[in-house]
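> One structure is given below, represented as structure tokens, and several questions about it will come after.
The values are calculated or read from the model by the stated rules, or taken from the named source; none is laboratory data. All figures in this text were calculated on a predicted structure; none of them were measured in a lab. Using ideal geometry, Cβ is built from the backbone for each residue, glycine included, and neighbour counts are taken over all protein chains shown. Each accessible area value is taken on the protein alone, full model and side chains, heavy atoms only, with ligands, DNA and RNA left out. Shrake-Rupley method; radii C 1.70, N 1.55, O 1.52, S 1.80 Å.
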Amino acid sequence: ERAQGTLTQASTLAAVTALHESGSVVLRGVFAADYIDMLYREFAARYGGLDLSAMSALAQQPPPNPIQQVGNGRFEIALRMNGVFGHPSLFANPVLMKFLTPLLGGNMMRLSSVTAVASFPGAAAQHIHRDHQQLFYEFAQIGPALPLYGVNVSVPLIDIDSVTGPTGIWPGSHRWPEQQKATAAGMASIPFQRGDCVLIDYRP
């Protein structure tokens, strides 16, 4: 599928169904592992020399600041889109574009941001949160019934397992009313490899 630049009809149907029902889907092997390794080396060249205290100090600099601390030992970095991070094969991957374009309104699809999350050894689990509140959240039945309007695409630069800390997802939470709260017991997570990507409805 990567060589053809598009998912098969069966894969597309399965992925759309998973996004609709669970709010997330893992697409295996969308990116070549050697390309992901290039991204990792570039990221390491930019930030790999920083220990926790140095990264924390950078995050405390006044705005505009591309580094934000988002947890104990966890940082979100707005990446400068040059070098390998500026290549269309990352932010306009043909497999993802062909899959997402019809789901997000054709030519109306927009790229919102490109960030990286860096977690240092010993970082605590991130707090449970939605990436965005439901639209029209004051009307309990409207937001959960709306179609998909935004997708987070997570591309790991290393292999992810239970030790390195996968992203936790609450299946079906994109259909929950705004006031419904998640608990740790309902979390699902799976390991994934370099080259995979995780698509997450913006509402969970």
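> Defining a contact as two alpha carbons under 8 Å apart and six or more residues distant in sequence, what relative contact order in percent does the range 1-134 show?
RCO, the range 1-134: 28 percent.
> May I ask you to give the solvent-accessible area per residue for the range 51-172, in square angstrom, as obtained with a 1.4 angstrom probe?
Accessible surface, normalised per residue, equals 61 Å².
> Spelling out what I want: for every residue of the range 80-87, take phi, set θ = phi - 60°, compute 6.51 cos²θ - 1.76 cosθ + 1.60 (Karplus), and round to whole Hz; glycine and proline get x.
For the range 80-87, the Karplus-derived couplings read 6, 8, 9, x, 5, 6, x, 7 Hz, x marking Gly and Pro.
> Any idea what the dipole of the chain comes to, in debye rounded to 20, about its Cα centre with Lys/Arg Cβ at +1 and Asp/Glu Cβ at -1?
I would put it at about 220 debye.
> Let me ask you something else. What does the charge count around PRO147 come to, taking other residues whose C-beta lies under 13 Å from its C-beta (Lys +1, Arg +1, Asp -1, Glu -1)?
Net local charge, PRO147 excluded: +1.
> What is the extension gain from ALA92 to GLU178, computed as 0.36 nm multiplied by their sequence separation minus the C-alpha to C-alpha distance, in nm to one decimal?
27.8 nm
> Here is a further query. At what distance in angstrom do the alpha carbon centres of the range 103-149 and the range 58-98 lie from each other?
Result: 16 Å between the Cα centres.
> Okay, next question. Carbon and sulfur together cover what percent of the accessible area of the chain at a 1.4 Å probe radius?
58 percent
> Once you place label points 7 Å from the Cα toward the Cβ at ASP131 and ALA54, how far apart are they in nm?
Rounded to a tenth, the inter-label distance reads 3.0 nm.
> Let me ask something else about it. Separation between the VAL163 and THR8 pseudo-spin-labels, each 7 Å from Cα along Cα→Cβ, expressed in nm?
Each label point lies 7 Å from its Cα, and together they span 3.4 nm.
> Lys and Arg at +1, Asp and Glu at -1: add these up for the other residues within a Cβ distance under 10 Å of ALA118 and post the number.
Combined, the nearby Lys, Arg, Asp and Glu give 0.
> Which value, in Å² and to the nearest 10, is the accessible area of VAL153 when all protein chains are kept and the probe is 1.4 Å?
The accessible area comes out at roughly 60 Å².
> Determine the relative contact order of the range 1-79: mean sequence separation of Cα pairs under 8 Å and six or more apart, normalised by residue count, in whole percent.
Relative contact order, the range 1-79: 14 percent.
> Let me ask something additional. Using Cα pairs under 8 angstrom and six or more residues apart, how large is the relative contact order of the range 138-199, in percent?
51 percent
> Also, I was wondering about something else. Give me log10 I(q)/I(0) at q = 0.12, 0.14, 0.27 Å⁻¹ for the range 1-82, Debye formula, one equal scatterer per alpha-carbon, no solvent.
Ignoring solvent entirely, the Cα scatterers give -0.61, -0.75, -1.24.
> When the Karplus curve 6.51 cos²θ - 1.76 cosθ + 1.60 is applied with θ = phi - 60°, which whole-Hz ³J(HN,Hα) does each residue of the range 47-56 get, with x for Gly and Pro?
Karplus-based 3J(HN,Hα) across the range 47-56 equals 10, x, x, 9, 8, 4, 5, 5, 5, 4 Hz.
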